[in-house]
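The values are calculated or read from the model by the stated rules, or taken from the named source; none is laboratory data. Just so we're clear, the structure is a prediction, and the values are computed from it rather than from any experiment. Backbone-built Cβ (ideal geometry, glycine too); neighbour counts: all protein chains shown. SASA here: full protein model, heavy atoms, side chains in, ligands and nucleic acids out. Shrake-Rupley method; radii C 1.70, N 1.55, O 1.52, S 1.80 Å.
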Amino acid sequence: MTKEERLKIISTSWELHNKVEANYLMNPAKKEDDNWLEKQRLLLADMALHLLQTSIDPKEIKLDRLRDNIYAILTITDQFLPKANLKKATKKLYDIINKK
């Protein structure tokens, strides 16, 4: 993939990110509300777009950003897949990066 193609994808992802984030911010749901998981889906999409941006950047991948993106995605996803024990995986992420 060329640098120009990567930059175009990043540019498009920011357009998508702005739409997703605006809808997330407009959603008044609180943790106890019925609409909470819908709001979390928007947050998950937001974080997935950040992961895309981190992954596709033409420069060398920044492992700390990758770690933070994955951490956020696992933390949010834990609400949807509570039996997957994703919280445990998030704790290991920082250990792996710090040991390198």
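Residues in the range 56-65 that are among the acidic types (Asp, Glu) and over 14 Å from the mean Cα position of the chain (by Cα) were compared, and the one that is least open to solvent (accessible area, probe 1.4 Å) is Asp57. Scanning the range 5-27 for residues that are of a type in the set (Asp, Glu) and open to solvent by 80 Å² or more (accessible area, probe 1.4 Å) yields Glu5, Glu15.
Every residue in the range 81-94 that is in contact with a Leu (Cβ under 7 Å, 6 or more places away or on another chain) and either open to solvent by 30 Å² or more (accessible area, probe 1.4 Å) or among the aliphatic types (A, V, I, L, M) (or both), please. Within the range 81-94, Leu86, Ala89 meet the criteria. Consider Ala48 carefully, then state whether it is assigned to a helix (DSSP H, G or I) and modelled with pLDDT of 95 or more. Taking the combined requirement at face value, the residue satisfies it.
If the condition is being buried (at least 16 other Cβ atoms within 10 Å of the Cβ), more than 20 Å from Leu66 (Cβ to Cβ) and in contact with an Asp or Glu (Cβ under 9 Å, 6 or more places away or on another chain), then the range 28-55 contributes Lys39, Leu42.
For the range 66-75, a residue qualifies if it is more than 9 Å from the chain's Cα centre (by Cα) and farther than 20 Å from Lys3 by Cα, and the qualifying residues are Arg67, Thr75.
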